1. When you look at Lys185, is it within 16 Å of the ligand (Cβ to nearest atom) and on the phi < 0 side of the Ramachandran plot, yes or no?
2. Name the residues in segment 23-48 that are surrounded by 16 or more Cβ atoms within 10 Å (Cβ to Cβ), of a type outside the set (D, E, K, R) and in a helix (DSSP H, G or I), would you?
3. Name the residues in segment 204-216 that are surrounded by fewer than 21 Cβ atoms within 10 Å (Cβ to Cβ) and not polar (S, T, N, Q), would you?
4. Quick check: anything in segment 66-86 within 16 Å of the ligand (Cβ to nearest atom) and in contact with a Lys or Arg (Cβ under 9 Å, 6 or more places away or on another chain)?
5. Looking at segment 301-315, which of its residues are touching a Phe, Trp or Tyr at 6+ places or on another chain (Cβ under 8 Å) and more than 13 Å from Thr259 (Cα to Cα)?
6. Looking at Ala116, Ala47, Ala102 in this structure, which one is under 30 Å from Phe16 (Cα atoms) and either among the aliphatic types (A, V, I, L, M) or in contact with a Pro (Cβ under 8 Å, 6 or more places away or on another chain) (or both)?
7. Give the residues of segment 84-107 that are free of Cβ contacts under 8 Å to residues at least 24 places away in the same chain and in a loop (DSSP other than H, G, I, E, B), sorted by residue number.
8. Could you tell me whether segment 193-202 includes any residue that is farther than 19 Å from Ile17 by Cβ and crowded, with 16+ Cβ neighbours inside 10 Å?
Amino acid sequence: MVKMDDIVSLCKRRGFIWQGSDVYGGMAGTWDFGPLGVSLKKKVMDAWWKYWVEDREDMYGVDAAIIMNPQVWQASGHTETFNDPLVECKECHNRFRADKIAEGVSEKVTTEEFKALGVKCPNCGKENWSEIKQFNGMFRTNVGVDPDNIAYLRPETAQGIFTNYKNVVDTIYPDLPFGLAQQGKAFRNEISPRDFIFRSREFNQMEIEYFVDPETWEEHFDKLLAGCHDFLEKMGLKPESIHELDVAAEDRAHYSKRTIDIEFDYPIGREELMGIAYRTDFDLGNIQRVSGKNMEYIVKGGGKRFIPHVIEPSMGVERLLMAILCTAYTEDEVNGEKRVLLRLSEDLTPYRFCVSPLLKNKPELVAKAQEVYDMLRKKYGNVTWDDSGNIGKRYRKQDEIGTPKCIVVDFDTLEDGTVTVRDRDTTEQIRVKPEEL
Ligand SMILES: [Zn+2]
């Protein structure tokens, strides 16, 4: 089993992910993506968009503002209930999320329940707790010059979809069922961010709100759930690492009639990767009530009208990235030496090929390698060049960043026009003409 430290260390040394504001000593709960991390993240987000939006006829995209009218969060219940149970150790004054330091309790845990569990402070080991306070997880800011004009950074992308439902129906009028998809940043003022990019204060979501006739919700729930599994497999995750948790009624949001968490076996344990929830007409109903605008959908032809019900597949981008990296991370042995490689699918790797001249002080090799490099770049785009160190070192580096094929131009190339193509996973080498790549 891969260890968390191995992933963090690889991400750092190869330029995937760094601590946010690293140069100033860091900023808790924030992470910055380097050149390779951006490339991987973008490919994953694009693959999701293609799978759910471009390859389907019933899905449409939206991209809403991060700062929204505060009424949005009143109507959605976030102002009232987007809370975490905050508890303070009276000995060392460290603060924690009660449901994260006690075993087997939900975020609805009460002070009495918590105190009965005999939890010791993770910092000082003592057991002297404050009352549990509800801490709202939304980031506040103020808009314009008036400091009392409060707004929030969105804690989820979903409401940016719901608030545009009426715009979409009024302009495009898609047949029911249809889905609206959005990708983008969301913010959560975590009491104690932890576990690398798993629980951070600023993250990306990919969410779909799928609008259905309430009589058909179960059928669509099952289809979307199957689609989620299919997508995760396409991202390289193994079915045996993925588990469905049918969330019990008492643990579900009060409006949800069914929620399934899809969990993944991370190095930190089995944790939520994504969720799919049947949200009934809770959100559109709230918007209708608070805005006074009619959210009904009129079925074309028949005239049947109702507020559509909603099924929401929701995924955190960073949690998916972490699952992909943990699955791809492999250690093996080559010629008696330990090797680290990322077995990413070639659709996700930052680079598809690395091109090298065997020796960098032989101009004829360098010129030929440059020719091959230019040709492949024109064809594929994501091709890298490496003429540093010796060939063995170059291979190790490309293995670690997941480059599937390394191409070396040597003296035989000048004779017969073939290059060496070395495979990341098997380390086998074959000779082919570059134009056949
Ligand atoms: Zn303490």
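1. Values: within 16 Å of the ligand (Cβ to nearest atom): no; on the phi < 0 side of the Ramachandran plot: yes.
No, not satisfied.
2. Leu36, Gly37, Ser39, Leu40, Val44, Met45, Ala47, Trp48 - these are the residues of segment 23-48 that are surrounded by 16 or more Cβ atoms within 10 Å (Cβ to Cβ), of a type outside the set (D, E, K, R) and in a helix (DSSP H, G or I).
3. Listed by number, the residues that qualify are Asp213, Pro214, Glu215.
4. yes
5. Step one: filter segment 301-315 for residues touching a Phe, Trp or Tyr at 6+ places or on another chain (Cβ under 8 Å), giving 305-313, 315.
Arg305, Phe306, Ile307, Pro308, His309, Met315 - these are the residues of segment 301-315 that are touching a Phe, Trp or Tyr at 6+ places or on another chain (Cβ under 8 Å) and more than 13 Å from Thr259 (Cα to Cα).
6. On the way: Ala116 fails: under 30 Å from Phe16 (Cα atoms); Ala102 fails: under 30 Å from Phe16 (Cα atoms).
Answer to the check: Ala47.
7. Residues of segment 84-107 that are free of Cβ contacts under 8 Å to residues at least 24 places away in the same chain, as a first pass: 93, 99, 101-105.
Selection gives His93, Ala102, Glu103, Gly104, Val105.
8. Of segment 193-202, the ones farther than 19 Å from Ile17 by Cβ are none.
For segment 193-202, residues farther than 19 Å from Ile17 by Cβ and crowded, with 16+ Cβ neighbours inside 10 Å: absent.
The values are calculated or read from the model by the stated rules, or taken from the named source; none is laboratory data. All values reported here derive from a predicted model rather than from experimental measurement. Cβ: placed from backbone, ideal geometry, glycine included. Neighbour counts: every protein chain shown.
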